[in-house]
Amino acid sequence: MADRNEPLAQVKSRRDTALATLVGGVPYIAWLGVRFDRRGDELTAVLPFADRLIGNPMLPALHGGVTAAFLEVSAIVGLTWTALWDDMEAGRIAPDVARPDSLPRLPKTIDFTVDYLRSGLPRDSYARSRILRLGRRYASVQVEAWQDNRDRPFAQATGHFLMPQG
Amino acid sequence: MRAQGRHGRMDAQDGAGRMQDDDAVAPRAGAAGDAGPEIGPDADQRLALARQFLEQIPHARALGMVVTALGAGRAEIAMKWRPEFVGDPRTGVLHGGVVSALMDTCCGAAVMADDSGPRSTATIDLRIDYMRAAKPGQDIRARAECFHITRSVAFVRASALDDDDGNPVATATGAFTVER
């Protein structure tokens, strides 16, 4: 049960620090340019458009690999975030941006299936993941990415993950 | 369905000619059903065109992908391990997204290298199975084979390898559009 009287700044700082530690510890997330918007426990992955993300310069369109990577990053961060939420809120872990090992290890992708629904436009992209199941060893995650219209996703994926042990 | 449309024509420049253009490669000119080993000037030219094609894909260039082999419906693409591609800094293992991008590109290249000469292709779906972590510091290669193609769909499988050749890092299967 959350402490109703806990100072708001403290609540926000705890959550933002945990998220920054999680995301900042992965070089590839920074290279791709993905960041995360947080509303309470809800995360939205944001991929600002950049020329180096193009896969088809004639159209132009995002590279299918970029789309897959963006979905996978979103799924892994979303899953880890959900898995550590209780420990974070209870103060059982103390994330430290300077020490990525202050968080549990990341889940490992077992398999990942991407459906390409329409061409990725040269625009910013957004993604949200949904944890279908989070067990002690295995987890299943669904993730959807869109650009201009939330109701018109341009790609979606489902993946299975092996959760860190110990 | 317009689908992803990310793999453009394997044109050298503009609409000048497909990778499978008669001028560039004539795999069927002489022998019927010529599916022999890809050697000789035609194969070299085909490889050069494919390299040029990949050079023009900004994201492939950003990841440092290079076409290392090309045959009928087959492609091999390699890229270097770089610290910024790491997914888990505690181990130095490449992020799955990098492997996905490499596999997707290689599968697309295999479709484009089909003897029927598709004008362009786009990924419909791609499933990747991650069998083990890629060894930190080692270059990674993908090999893809378009094992069946219809008028509008290509079926492709691929594997990703590091220095341990017989023990793939990941395998992939996918369906791709075929634009004629």
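The values are calculated or read from the model by the stated rules, or taken from the named source; none is laboratory data. Values in this document were obtained by computation on a predicted structure and should not be read as measured data. Positions of Cβ are backbone-derived with ideal geometry, glycine not excepted, and every protein chain shown enters the neighbour counts. The accessibility values were calculated without ligands, DNA or RNA, using every heavy atom of the protein model including side chains. Shrake-Rupley method; radii C 1.70, N 1.55, O 1.52, S 1.80 Å.
Please indicate, with yes or no, whether at least one residue in segment B:48-68 is of a type outside the set (Ser, Thr, Tyr), modelled with pLDDT under 50 and open to solvent by less than 20 Å² (accessible area, probe 1.4 Å). Looking for residues that are of a type outside the set (Ser, Thr, Tyr), modelled with pLDDT under 50 and open to solvent by less than 20 Å² (accessible area, probe 1.4 Å), one finds none in segment B:48-68, hence no. Can we say A:Glu89 is more than 30 Å from B:Thr177 (Cα to Cα) and out of contact with any His (no Cβ under 9 Å at 6 or more places or on another chain)? The answer is yes for A:Glu89. Hey, can you tell me all the residues within segment B:117-136 that are at pLDDT below 95 and open to solvent by 50 Å² or more (accessible area, probe 1.4 Å)? Hits for segment B:117-136 are B:Arg119, B:Arg132, B:Ala133, B:Lys135, B:Pro136.
Taken over segment B:137-168, the criterion of being free of Cβ contacts under 8 Å to residues at least 40 places away in the same chain, in a strand (DSSP E or B) and open to solvent by less than 50 Å² (accessible area, probe 1.4 Å) is satisfied by B:Val153, B:Ser159, B:Leu161. Scanning segment A:132-145 for residues that are under 30 Å from A:Pro122 (Cα atoms) and open to solvent by less than 20 Å² (accessible area, probe 1.4 Å) returns A:Val141, A:Val143, A:Ala145. Within segment A:85-121, the residues that satisfy the criterion of being open to solvent by 10 Å² or more (accessible area, probe 1.4 Å), of a type outside the set (Phe, Trp, Tyr) and more than 12 Å from every other protein chain (Cβ to nearest Cβ) are A:Asp86, A:Asp87, A:Glu89, A:Ala90, A:Gly91, A:Arg92, A:Ile93, A:Ala94, A:Pro95, A:Asp96, A:Val97, A:Ala98.
When you go through B:Asp115, B:Asp125 one by one, which is the residue that is outside any strand (DSSP E or B), among the charged types (D, E, K, R) and over 13 Å from the mean Cα position of the chain (by Cα)?
B:Asp115
Could you say whether any residue in segment A:77-86 is modelled with pLDDT of 95 or more, under 25 Å from B:Thr173 (Cα atoms), touching a Phe, Trp or Tyr at 6+ places or on another chain (Cβ under 9 Å) and of a type outside the set (Val, Ile, Thr)? Checking segment A:77-86: at least one residue is modelled with pLDDT of 95 or more, under 25 Å from B:Thr173 (Cα atoms), touching a Phe, Trp or Tyr at 6+ places or on another chain (Cβ under 9 Å) and of a type outside the set (Val, Ile, Thr). Kindly evaluate B:Ala133 against the criterion of being in a loop (DSSP other than H, G, I, E, B) and of a type in the set (A, V, I, L, M, F, W, C). Taking the combined requirement at face value, the residue satisfies it. Residue check, A:Glu6 against (1) of a type in the set (Asp, Glu); (2) open to solvent by 50 Å² or more (accessible area, probe 1.4 Å); (3) in a loop (DSSP other than H, G, I, E, B), all met but one. Which one? All conditions are met except number (2). Scanning segment A:50-102 for residues that are farther than 24 Å from A:Gln142 by Cβ and hydrophobic (A, V, I, L, M, F, W, C) yields a total of 9. Is it the case that some residue within segment A:58-74 is at negative phi, more than 9 Å from chain B (Cβ to nearest Cβ) and open to solvent by 20 Å² or more (accessible area, probe 1.4 Å)? Within segment A:58-74 (the criterion being at negative phi, more than 9 Å from chain B (Cβ to nearest Cβ) and open to solvent by 20 Å² or more (accessible area, probe 1.4 Å)), the answer is no, since none of the residues qualifies. Within segment B:110-127, the set of residues being touching a His at 6+ places or on another chain (Cβ under 8 Å) and closer than 13 Å to B:Phe147 by Cα comprises B:Val111, B:Met112. Looking across segment A:148-166, the residues that are farther than 14 Å from A:Ala83 by Cβ, in contact with a helix residue (DSSP H, G or I) (Cβ under 9 Å, 6 or more places away or on another chain) and either part of a strand (DSSP E or B) or among the basic types (Lys, Arg) (or both) come down to A:Ala155, A:Gln156, A:Ala157, A:Thr158, A:Gly159. Of the residues making up segment B:38-97, those that are farther than 16 Å from B:Gly108 by Cβ and assigned to a loop (DSSP other than H, G, I, E, B) are B:Glu38, B:Ile39, B:Gly64, B:Lys80, B:Trp81, B:Arg82, B:Pro89, B:Arg90, B:Thr91, B:Gly92, B:His95.
Within segment A:35-47, the presence of at least one residue that is over 11 Å from the mean Cα position of the chain (by Cα), of a type outside the set (Lys, Arg) and surrounded by fewer than 20 Cβ atoms within 10 Å (Cβ to Cβ) is confirmed.
A:Val26 falls short of the stated requirement of being surrounded by fewer than 16 Cβ atoms within 10 Å (Cβ to Cβ) and β-branched (Val, Ile, Thr). Residues in segment B:86-101 that are at the interface with another protein chain (Cβ under 7 Å from one of its Cβ atoms) and either surrounded by 24 or more Cβ atoms within 10 Å (Cβ to Cβ) or in contact (Cβ under 8 Å) with a residue 60 or more places away in the chain (or both): B:Gly87, B:His95, B:Gly96, B:Gly97, B:Val98, B:Ser100, B:Ala101.
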